[in-house]
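Enquirer: Have a look at the structure that comes next, please.
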Amino acid sequence: MSATANKTPVHSLMACLLPDAVFDKVTDIKADWLIDQEIIGVALDVDNTIAKYSESLPAPEIVRWMESLRNAGIRTVIVSNSRKENRVPDISRALGLPYIVKAGKPSRKGFLRAAEIIGTEPEHIAAIGDQIFTDVLGAKRAGCKAYIVYPRGINESPWFSVRRWIETPFIRIASKSMKGEPR
């Protein structure tokens, strides 16, 4: 057995880090487009995806967007790593959604639990988030589609800036490979 036999091939790792679609903001993801992609459920991140860190409730455009998904029959579950005691429950209640906190992304468990709650297989779930190394990686490991959005808010911490710098090539590669669709 060679020394590299048990290692993950680089192309497989790259595939797990590349989103299936890139959007400027979550509200750009239309229900009819999701249905065309054979998506019947959404595993939705909170922080910087549907709410800025400074927002305790979803903005009106997020409420309207969520209603459009609901009207189209797309079931949604919030899947968050947040450890803030009230943040996710308050936002989930405002949107009328079930939620999973302390999901452990990039672990698969939160996404697989979302698929159970929605009642479908992971390949019919779109995970929507703003981070490559949690939202995209976890979704791909679980067998879900992974759609990335640019963050709703800017976090000024040095770690956030470094992480965004590292994620940028993956977002650019995904955007170019989609030939202008959807971004």
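Enquirer: Looking only at the range 51-74, count how many residues are surrounded by 18 or more Cβ atoms within 10 Å (Cβ to Cβ) and either farther than 17 Å from residue 99 by Cα or at pLDDT 95 or above (or both).
Expert: 5
Enquirer: Give the range 71-125 a look and list any residue that's basic (Lys, Arg), part of a helix (DSSP H, G or I) and either without any contact (Cβ under 8 Å) to a residue 40 or more places away in the chain or within 24 Å of residue 31 (Cα to Cα) (or both), or say none.
Expert: 93, 109, 113
Enquirer: Starting from the range 1-28, keep only residues that are within 18 Å of residue 106 (Cβ to Cβ) and surrounded by 11 or more Cβ atoms within 10 Å (Cβ to Cβ), then list their pairs with residues that are of a type in the set (Phe, Trp, Tyr) and at pLDDT below 75 whose Cβ atoms are within a distance under 8 Å, requiring at least 6 positions of separation or different chains.
Expert: 17/170; 18/170; 19/170
Enquirer: Something else about it: Criterion first (surrounded by 18 or more Cβ atoms within 10 Å (Cβ to Cβ) and in contact with a strand residue (DSSP E or B) (Cβ under 6 Å, 6 or more places away or on another chain)) does residue 78 satisfy it?
Expert: So residue 78 passes the test.
Enquirer: Condition (residue is more than 19 Å from residue 137 (Cβ to Cβ) and assigned to a loop (DSSP other than H, G, I, E, B)) applied to the range 60-70: is it met by at least one residue?
Expert: No, the range 60-70 contains no residue that is more than 19 Å from residue 137 (Cβ to Cβ) and assigned to a loop (DSSP other than H, G, I, E, B).
The values are calculated or read from the model by the stated rules, or taken from the named source; none is laboratory data. Bear in mind that the values here come from a model prediction, so they are computed numbers and not experimental data. We place every Cβ from the backbone using ideal geometry, glycine too, and count neighbours over all the protein chains shown.
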